[in-house]
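The values are calculated or read from the model by the stated rules, or taken from the named source; none is laboratory data. Since the model is a prediction, treat every value here as computed from it, not as a measurement. So basically every Cβ, Gly included, is an ideal-geometry build from the backbone, and we count neighbours across all protein chains shown. What goes into the accessible areas is simple: the full protein's heavy atoms, side chains included, and nothing from ligands, DNA or RNA. Shrake-Rupley method; radii C 1.70, N 1.55, O 1.52, S 1.80 Å.
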Amino acid sequence: MELYELNLHFLLEGLKAKKFSASEIFQSCKRRIDECEGNIHAFITRTDDKEPQTENADGILAGIPTVLKDNLCTKGIRTTAASKILGNWRPPYDATAWKYLREAGAVLMGKVNMDEFAMGNTCGNSAFGPTYNPNDITRVPGGSSGGSAAAVSAGYVPFALGSDTGGSIRQPASFCGVQGLKPTYGMVSRYGLISYGSSLDQIGPFARTVRDLQIIMSVIAKHDPMDSSCFREKNPDFSHKDKVSIKGKRVALVKEFQDFTLDAPIADAMTRTRKILEDEGAIIVEVSLPVVARYAVACYYALAMSEAHTNLERYDGVRYGYTVTDASGVKEMFERVRSYGFGSEVKSRIIAGTCLTEPSRCDEYYVAATKVRTLIAQEFTRAFGETDFILQPVTPSLPSKIGEVDDDEMKGYETDLYTLPVNLAGLPGLSFFTGYAGNLPVGLQLIGPRWSDPELLNAGLILEAHLGTPKIANGGKN
Ligand code: GLN
């Protein structure tokens, strides 16, 4: 077995027992990247040309390689959000989540691909070209954090960070066959995350086991005075316990989702997972989320686009990256920079967001969406009075073929139905691996109330003990 195949907690154990060195882990991961990257194209920027030195040889992640989604700021290292508009921008500071990892000893292999400004669910809306699913390179890895999921799945690194505004950690985790956690809003500092929809964005980890997610959460889920939405109380307890139980806990299925069509392997996974939960002593119940089922998609896109159009106003050719020097005036400069710098999906969302918040329509659209959001949050609060967790799909279908575009753009948005309500309500959501349908992994989602992230991961451990952990994807090698 090669070192790159080892999951994070085995690497940490092996390092502690001096079975191998951090340098050997780095070499093994780098060889794996060199071997597969021509097929996968997960990276935007590689930083592994020479062996990175750990900052903390005694840290819990000393010498462990990782990659970051390219919307996380890295001091002095190009950060693009997969857009031309940022050019070769090098941030003057680190995102706090990366700072915490660095201080724990982790080393950076590079910055990875995503949909431009995190808008999309295929990793195909990138100015740097698409990433390919390491389990089947004819298919999408999911998005927007497709590069992070692909890198962990192909064995480039044992863990990675991504961000999730409406599903961008959970959906690629499920498509690539890894475990991914979208933490409670405020659990991980967003300082240094390039904003998309600030009230929805959240940074979270990918790894190949739930236990590894616990390790990463114990490092990154810490208060940060630089993010006023970050929790202030004492740090949550993500320590691993060998004995956890779900006996007597209620796990709900959503009544309104029962009639929706799912690909057969996803429906099968729901049945199998339900059975596992029952065998473990959980009580299966039903909750009703009528507002979520009917309005969440429209509500999310109205809010996400409105916030995005405001957040992206700062890219004007003056402060960041790409600019033109021969414009006849400011208006022409803005027009040329933004027309060339942004890709078409980003531009259409900026235009939609401008319309949704334009003074004569704002009440009817943006303000109405904020009210629906409140109803959705209340609906979840009520549901979590009747259940401890909610079990549901991540997506209705398995990953599509690369380049397969649906003429109906709304359909792409609607596939986010199972993930985006979690962001609207600020909840934690775990995307967990359930097995394979042929060579394609199948993931499902477990959702908990706000701040239940440690319990959610404990429940994930129980599921993982039955469902198994994913194998390293072949990375397009055969
Ligand atoms: N697919 C959703 C969108 O395009 C979610 C993306 C995300 O979570 N960043 O907005």
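General remarks:
- The chain, relative contact order [Cα under 8 Å, separation at least 6], %: 19
- The stretch 340-354-the stretch 77-95 distance, computed between alpha-carbon centres (Å): 19
- Ranked packing of 280-286, 144-150, 394-400, most packed first, by mean Cβ within 10 Å: 144-150, 394-400, 280-286
- Under 26 Å from K30, Cα to Cα: lysines that are on another chain or at least 8 residues apart: K16, K18, K19, K50, K69, K75, K99, K111, K471, K477
- Cα gyration tensor category, rounded, prolate or oblate, for the stretch 251-400 with a/c compared to 1.5: prolate
- For the pair the stretch 28-47 and the stretch 245-282, the centres of their Cα atoms are 37 angstrom apart.
- Highest-first arrangement of 346-356, 117-127, where packing means the average Cβ count within 10 Å: 117-127, 346-356
- For peptides 362-368, 239-245, sequence by mean Cβ density within 10 Å, most packed first: 362-368, 239-245
- Over all distinct Cα-Cα pairs of the stretch 215-268, the Kirkwood formula returns a hydrodynamic radius of 15.8 Å.
- Using 0.36 nm per residue and subtracting the Cα-Cα separation, the extra length available between R382 and I284 on full extension is 33.6 nm.
- Inter-label distance, E364 to D237: 5.4 nm, where each label sits 7 Å from its Cα along the C-beta direction.
- Beta bridges per DSSP, both residues in the chain: antiparallel share near 65 percent.
- Selection from Y320, M217, N113 lying farthest towards where the dipole of the chain points positive, charges on Cβ: M217
- For the pair K275 and S229 in one chain, pulling the backbone fully straight at 0.36 nm per residue adds 12.8 nm over the alpha carbon distance.
- Per principal axis, descending, Cα span of the stretch 26-174 in whole Å: 40, 31, 25
- Projected area averaged over orientations for the chain, convex hull of C-alpha atoms, nm²: 22.0
- Figure note: D388, D416, D259 ranked by solvent-accessible area, largest first, 1.4 Å probe, ligands and nucleic acids not counted: D259, D388, D416.
- Taking the charge dipole of the stretch 391-459 about its Cα centre, with +1 at Lys and Arg Cβ atoms and -1 at Asp and Glu Cβ atoms, the residue from Q392, L417, L457 reaching farthest to the positive side is L457.
- Test item: Cα-centred dipole of the stretch 1-74, Lys/Arg +1 and Asp/Glu -1 on Cβ, debye: 120
- On a per residue basis, the stretch 186-329 carries 45 Å² of accessible surface, using protein heavy atoms and a 1.4 Å probe.
- Contact order relative to length of the stretch 61-213, as percent, for alpha carbon pairs under 8 angstrom and 6 or more apart: 23
- Taken about its Cα centre, the stretch 210-310 carries a charge dipole of about 380 debye when Lys and Arg each add +1 at the Cβ and Asp and Glu each add -1 at the Cβ.
- Of the residues L253, G353, I25, the one whose Cα sits farthest towards the positive end of the charge dipole of the chain is I25 (charges of +1 on Lys and Arg Cβ, -1 on Asp and Glu Cβ, taken about the Cα centre).
- In this label model, A465 and R31 are separated by 3.5 nm, measuring between points 7 Å along each Cα→Cβ vector.
- Karplus 3J(HN,Hα) series, Hz, for the stretch 359-375 with 6.51 cos²θ - 1.76 cosθ + 1.60 (x for Gly, Pro): x, 6, 10, 4, 4, 5, 10, 4, 5, 4, 5, 5, 6, 4, 4, 4, 4
- Heavy-atom accessible surface of the chain: percent carbon and sulfur, 1.4 Å: 52
- Put a dot 7 Å past the Cα of T323, heading toward its Cβ, do the same for E404, and the two dots end up 4.5 nm apart.
- Over the chain: helical MRE at 222 nm, DSSP H runs n ≥ 4 each giving -39500 (n - 2.57), nearest 500: -11000 deg cm²/dmol
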